[in-house]
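The values are calculated or read from the model by the stated rules, or taken from the named source; none is laboratory data. Everything quoted here is computed from the prediction, not taken from an experiment. Heads up, the Cβs are rebuilt from the backbone with ideal geometry, glycines too, and the neighbour counts pull from every protein chain shown. Side chains are part of the model used for accessible areas, which takes the heavy atoms of the whole protein and leaves out ligands, DNA and RNA. Shrake-Rupley method; radii C 1.70, N 1.55, O 1.52, S 1.80 Å.
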Amino acid sequence: MGKPFEIRREIPLDAGPEEVWAAIATAPGLAGWFMPMEIDPDSQMVTSWEPGRRLGVRTPPADDGSFQSFDYRIDDAGPGGTVLRFVHSGFSGDDWGDDYEAATGLGWDMYLHTLRQYLAYFPGRPALYLEAEAPPASAKAEAWSRLVAALGLTDPAEESAPVRFDLPGVGPVEAVVDYAAASFVGLRAPLALIRFHGRSRMGLPVAVSQHTYVTTFDVASARRGWETWLAGVFS
């Protein structure tokens with residue numbers, strides 16, 4: 001049976017209100033830390049559009065009454081700084097699972113950390129985004145430790161630990177761990193942020209997403225490289 005939920009987060013950011021607004025409300029900014037998408041200020045789903053201050057989005061209700069609302073409030077915290085107050089709330093669907101709120105909160109912790117990394121290390125830079133998925137065998141809970149070991153890390157991974165491996169068809173990847181949590185590992189490379197998602201709770205395979213901060217990059221080759229690498233890890 002569905003039920004109301006609410007996820008609240010508050011994060012300090014080393015960026016001004018205009019920079020934060022560009023990151024949360026424009027397609028190029030969202031590609032830098034979340035995923036590419038357009039937000040139309042004239043859409044009926046946009047409930048608040050106050051550049052530099054507040055963005056609100058609410059999805060239409062589904063047949064089972066479920067809906068989601070996303071509220072971003074940007075508070076000026078002095079020269080070069082802001083505090084982002086984020087709320088994801090709504091009413092869950094019948095088949096969303098009892099741990100939807102907890103699991104989704106963990107996902108937002110990772111994404112909001114990625115926002116902070118983007119604004120700190122790659123502010124305003126255009127990003128090319130890709131996703132790749134591991135084989136079905138990686139959907140088992142015990143498979144996550146194989147991914148961590150393939151990165152040359154301990155489980156749980158330690159932040160700032162160096163990572164180096166070869167991505168087939170692309171070349172060497174050298175990075176440091178910038179995020180480590182249950183079912184998430186984040187890497188920061190000189191020109192990219194890479195995120196690994198363990199999704200066994202949802203019965204889904206491990207996934208990787210990559211934000212690459214260059215204007216020219218062979219996304220298709222990199223995606224094939226990740227699929228080949230992940231297949232080798234979980235073969």
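Values for this structure:
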quantity	calculated
Calculated [θ] (222 nm, deg cm²/dmol) that DSSP helices of n ≥ 4 give over the chain, each run adding -39,500 (n - 2.57)	-7500 deg cm²/dmol
Along principal axes, Cα extents of the stretch 1-49, largest first, whole Å	40, 28, 20
DSSP loop GluC sites (Glu not before Pro) with at most 11 other Cβ within 10 Å: longest gap in the chain	39-157
Calculated P(r) tail over 18 Å for the stretch 145-235, as whole % of Cα pairs	41 percent
If the convex hull is drawn through the Cα atoms of the chain, its volume per residue in Å³	129 Å³
Solvent-accessible heavy-atom area per residue, rounded to whole Å², over the chain at 1.4 Å	50 Å²
Residues with amide H under 5 Å from that of PHE184, placed H, sequence gap 5 or more	GLY198
Protein accessible area in the stretch 31-143, 1.4 Å probe - carbon and sulfur %	51 percent
HN-Hα J in Hz across the stretch 159-170 - Karplus 6.51, -1.76, 1.60, θ = phi - 60°, x for Gly and Pro	5, 6, 5, x, 9, 8, 7, 9, 9, x, x, 10
Whether the stretch 30-138 is rounded, prolate or oblate, judged on the alpha carbon gyration tensor where a/c under 1.5 counts as rounded	oblate
Cα centroid separation, the stretch 70-146 to the stretch 1-54 (Å)	12 Å
Within the chain: Cβ-based charge dipole about Cα centre, in debye rounded to nearest 20 (Lys, Arg +1; Asp, Glu -1)	380 debye
Electrostatic dipole magnitude of the stretch 23-78 [Cβ: Lys, Arg +1; Asp, Glu -1; Cα centre; debye, to 20]	160 debye
Prolate/oblate/rounded call for the stretch 18-93, Cα gyration tensor, a/c under 1.5 rounded	prolate
Cα gyration tensor of the stretch 74-174 - equivalent ellipsoid semi-axes, whole Å, descending	28, 25, 14
Amide H contacts of ILE7 (H built 1.01 Å from N, under 5 Å, at least 5 apart or other chain)	HIS88, SER89
Estimated distance in nm for a label pair at SER235 and ARG125, the labels positioned 7 Å out from Cα along Cα-to-Cβ	3.3 nm
Cβ-defined net charge surrounding ASP155, 13 Å radius [Lys, Arg +1; Asp, Glu -1]	-1
Cβ-based net charge around ASP98, under 13 Å, with every Lys or Arg adding one and every Asp or Glu removing one	-2
